[in-house]
Amino acid sequence: MNWVDTRVGDFSPFVYGKAIAKKDQLSDGVPVFGSNGVYTYSSKPLVGPYAVIIGRKGTVGKIHISEKPCWVSDTAFYIQYDNIEEAYFSYYLLSSLGLEDMNTDAAVPGLNRNNAHRLEVKIPDTIEQRRQLVEPLIKLDNKIHLDQQINQTLEQVAQAIFKSWFVDFEPVKAKIAALAAGGSDEDALLAAMQAISGKDAGQLAIMQADQPEQYAELRANAALFPSAMQESELGEIPSGWSIEKTESLSEKIGMGPFGSNIKVSTFVEDGVPIISGQHLKETLVTDGDNNFITEQHADKLKNSNVYPEDIIFTHAGSIGQVSIIPAKSKWDRYVISQRQFFLRVDREKASPYFLAYFFRSFLGQHLLLSNASQVGVPSIARPSSHLKSIELVTPTVSLQEKFESHVKKLNDLVMANRKESETLKSIRETLLPKLLSGELSVDAEVKSQGKVEYDRAHDLAALIEKIESDLPSKSHFVESERVSSEFENIRAIGFMTKITGSLGEGGGEYLKLPVFLRTLRQNPILDKVLSATVDGVVSIPFFMDAIIAILNKYLGNKIQFDQKTALVLLAFPKETYRKTSELLNKAYQLSINAGLPPIDEDELHQTLSWLHEQGLVLPENKNEAWRLVDKFRHEIDNWD
């Protein structure tokens, strides 16, 4: 790769954005970028098809990229491109230059274009070389974006459940309609089950036969909903539910500290993290870019200390923000900033997840902001007292807890995706300076196949050879049995295939399947594959090919795996047994890690049936759980 010296202004000169009138700002349409990203929308673009945006005023030097036509306001610069790879190259290049440290205005932070243009840079001298260089970085960003999209979908699912159960009362209304039509209590229960699951009567019958445990759980959920409505001061509500003030459901409602108690001079490198508005953009509090104070300082601010499953609100600035600290949060204690306040729920009276989703709902936001002022800095007057006084329709605690159990499963996936994204971002930040400096090379031939050359080229054969060389000897996985003993424990032994060559002489040899898979998962290379990182480089399809080749080789010539069947097999834990629902969650996450479309319930059952036919797994409890076979008889002639 040939590199040339140039300046930012010669390679990618900045263009001033253009102000957009308030009357032209829309709630949807063409995105409008300011210095801190998209803040509104327009009916028409200013630049396109691709653009790199650089913060000029306010958030100085922050770099954004738009993969579609957009508008750029006068608080930012932009560079327009016709080629997406060129846009990404400039995006990564400018991100590495420290433009955020080039503030030249003490009053309002600002980036001087001439100063930025004078920066010296080194770049590959052709578009094709620049495309090759950024391709692995683009793949990382695409994977991060995919994780974000999945999390948005998971959040929409949780919101849809909340709305169906607690706003539209769909299960309750389904029961009422069934009874009004002359149906029995059983008919009403079935109607509620259909409303909850989205399945019709025929599908529920199949579910009862094939998935009795899930059917029983759905039936128990439906039984928690009443079959009538009652009058209340807030109108008709489901029977047995009540109208409660937030105060009566809370253990504590508290405010953030005075501003003088937390300031820049009190920040330390590590300690107790501070939650501010930037961490409250999603339902679950996001960790990252936190400031910290010492443990001793946090102890002095104990009334502003918050913990997992506390709900955090913003009362000044970005009012209306509501987030809950995840049960599996990064830290076990936080301190909220001066613009936040919090609600700690009394677990005997309510679920914090029910209340968090209530206050993020349309009605919850309306009630929360009913005491807000937009004069000067937007704020909620007397936030603590106002929150205490809000009245809401409150279901039974058992139903709230059932909602919580559903939401927590979704939240676990969200947190796993966040963790993966953090890892990918770290990889990207490690790769970026090395690629842009030429320290890390990208071979054109290998790169064209989507593989990165980091220390040495990893072609598939070499990778497989490396994995095989790390496997223990054959005796570690294989045991011999006399033919007469082959059927002594048939339940724990998979289907038999014909043995050829030396293995067919004088009895049978069996692969101890759980031991083999456990060792394969723990392989130093494949362990990184399954967590989506390989020596700082993501190249999952390439490494999945290696996994498939290994499985196809060592599990017999008659069995041919593909990506999804391999992932489902690898989803089994060390103890070999897993419930079907757990397998679905694990296979779902592995498929996301592998950059594949998520495995759904139908695909999982099809895959498990195939693995059963091959003699590798056995159903338990009417397919509600599955177990790896202990031993598997097959061909492994070529294993030394």
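Please list HIS117, HIS279 in order of solvent-accessible area, largest first, computed with a 1.4 Å probe with all protein chains present.
Working: HIS117 35, HIS279 5 Å².
These residues rank, largest area first, as HIS117, HIS279.
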Quick numbers on region 149-279, Rg and Dmax over C-alpha atoms in Å, give 22.2, 71
Ignoring ligands and nucleic acids, TRP241 exposes an accessible area, probe 1.4 Å, in Å² to the nearest 10, of 10 Å²
Taking only the alpha-carbon atoms of region 306-348, the convex hull volume per residue, in cubic angstrom, is 73 Å³
Expressed to one decimal in nm², the mean projection of the alpha carbon convex hull of region 219-339 is 10.2 nm²
Shape call for region 4-129, from the Cα gyration tensor axes a ≥ b ≥ c (a/c under 1.5 means rounded, otherwise prolate when a/b beats b/c, else oblate), comes out oblate
From highest to lowest solvent-accessible area (probe 1.4 Å; ligands, DNA and RNA excluded), ASP5, ASP602 read ASP5, ASP602
A correct Karplus calculation of ³J(HN,Hα) over region 229-245, with 6.51 cos²θ - 1.76 cosθ + 1.60, θ = phi - 60°, whole Hz and x for Gly and Pro, returns 10, 9, 7, 8, 5, 9, x, 6, 9, x, 4, x, 8, 9, 9, 10, 7
Over all Cα pairs of region 144-193, the Kirkwood radius sets Rh, and Rg/Rh then becomes 1.28
With all protein chains in place and a 1.4 Å probe, SER581 shows an accessible area in Å² (nearest 10) of 50 Å²
Rounded to whole angstrom, the alpha-carbon centroid of region 76-103 lies from that of region 346-367 at a distance of 42 Å
Once phi for every residue in region 359-364 is put through the Karplus expression 6.51 cos²θ - 1.76 cosθ + 1.60 (θ = phi - 60°), the whole-Hz ³J(HN,Hα) values, with Gly and Pro written as x, are 6, 8, 6, 4, 5, x
Filtered hits (lysines, Cα-Cα < 24 Å from LYS553, offset >= 8 within chain) -> LYS451, LYS466, LYS474, LYS498, LYS512, LYS528, LYS564, LYS574, LYS631
With a 19 Å threshold on alpha-carbon distance, the violating pairs from LYS139/LYS330; LYS330/LYS402; LYS44/LYS68; LYS18/LYS281 are LYS139/LYS330; LYS330/LYS402; LYS18/LYS281
Under the rule rounded for a/c under 1.5, else prolate if a/b exceeds b/c, else oblate, using alpha carbon gyration tensor axes a ≥ b ≥ c, region 56-108 is classed as oblate
Sorting LYS62, LYS300 on solvent-accessible surface, 1.4 Å probe, most exposed first, gives LYS300, LYS62
Looking only at lysines whose Cα falls under 16 Å of LYS263's and that sit 8 or more positions away or on another chain, we get LYS300
The long-range amide H neighbours of LYS18, using H built 1.01 Å from N in the peptide plane and a cut-off of under 5 Å, are VAL72, SER73, ASP74
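Quick check: from the Cα gyration tensor, does region 266-423 come out rounded (a/c under 1.5), prolate or oblate? Walk me through the intermediate numbers first.
Details: a/c = 1.61, a/b = 1.10, b/c = 1.46.
In terms of gyration-tensor shape, oblate.
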Taking placed amide H atoms and a strict 5 Å upper bound, the residues 5 or more places from ILE275 or on another chain that come that close are VAL335, ILE336, SER337
Whole-Å distance linking the alpha carbon centroid of region 123-146 with that of region 227-247 is 56 Å
Note, region 264-280: 3J(HN,Hα) by Karplus (6.51, -1.76, 1.60, θ = phi - 60°), whole Hz, Gly/Pro = x, goes 3, 5, 9, 6, 10, 5, 8, x, 8, x, 9, 9, 10, x, 5, 9, 10
Taking a straight Cα-to-Cα line shorter than 20 Å from LYS388, and setting aside same-chain lysines fewer than 8 residues away, one finds LYS245, LYS252, LYS349
Expected field for LYS579, accessible surface area in Å² at 1.4 Å probe radius, rounded to 10, holds 90 Å²
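The values are calculated or read from the model by the stated rules, or taken from the named source; none is laboratory data. All of these numbers come straight from a predicted model, not from anything done at the bench. What goes into the accessible areas is simple: the full protein's heavy atoms, side chains included, and nothing from ligands, DNA or RNA. Shrake-Rupley method; radii C 1.70, N 1.55, O 1.52, S 1.80 Å.
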